[in-house]
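Okay, structure first, notes after.
No lab work stands behind these numbers, since they all come straight from the coordinates. From a predicted model like this one, the values you see are computed outputs, not experimental measurements.
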Amino acid sequence: MQNPRMRTLVEFLRSVERVAPVNFSGLGVGGRGYGMVRRYLRFCLDRGLIRVVEVRKGRRYPSKLYALTGRGERLLGVFEDVAL
């Protein structure tokens, strides 16, 4: 994935922080399409901004719960007072 827009990335990270630990479908709430959630999850996981905190076994597929890493929290701290 190419680099996402900063505003959308910060909003995505704030939503992870607000409801952490959160699963994939929990991130899709609020008008986000699952394709967008999948792209941002992959981008953030690859760069160490979020991490998998728990894997729950399901009927067919495991459910993963995500939370911010220290690196993700620092990035949000930089944009705390900035209106994007």
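Here are the numbers for the structure shown:
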| quantity | calculated |
| --- | --- |
| Potential lengthening between Ser25 and Thr8 on full extension [0.36 nm per residue; Cα-Cα distance subtracted] | 4.3 nm |
| Net lengthening on full extension, Arg18/Arg39 (0.36 nm per residue, minus Cα-Cα) | 5.6 nm |
| Residue-averaged [θ]222 nm for the chain, counting only DSSP H segments that reach four residues, each worth -39500 (n - 2.57) | -14000 deg cm²/dmol |
| Kirkwood-based shape ratio for the chain, expressed as Rg/Rh from alpha carbons | 0.96 |
| The chain - percent relative contact order, Cα under 8 Å, separation 6 or more | 34 percent |
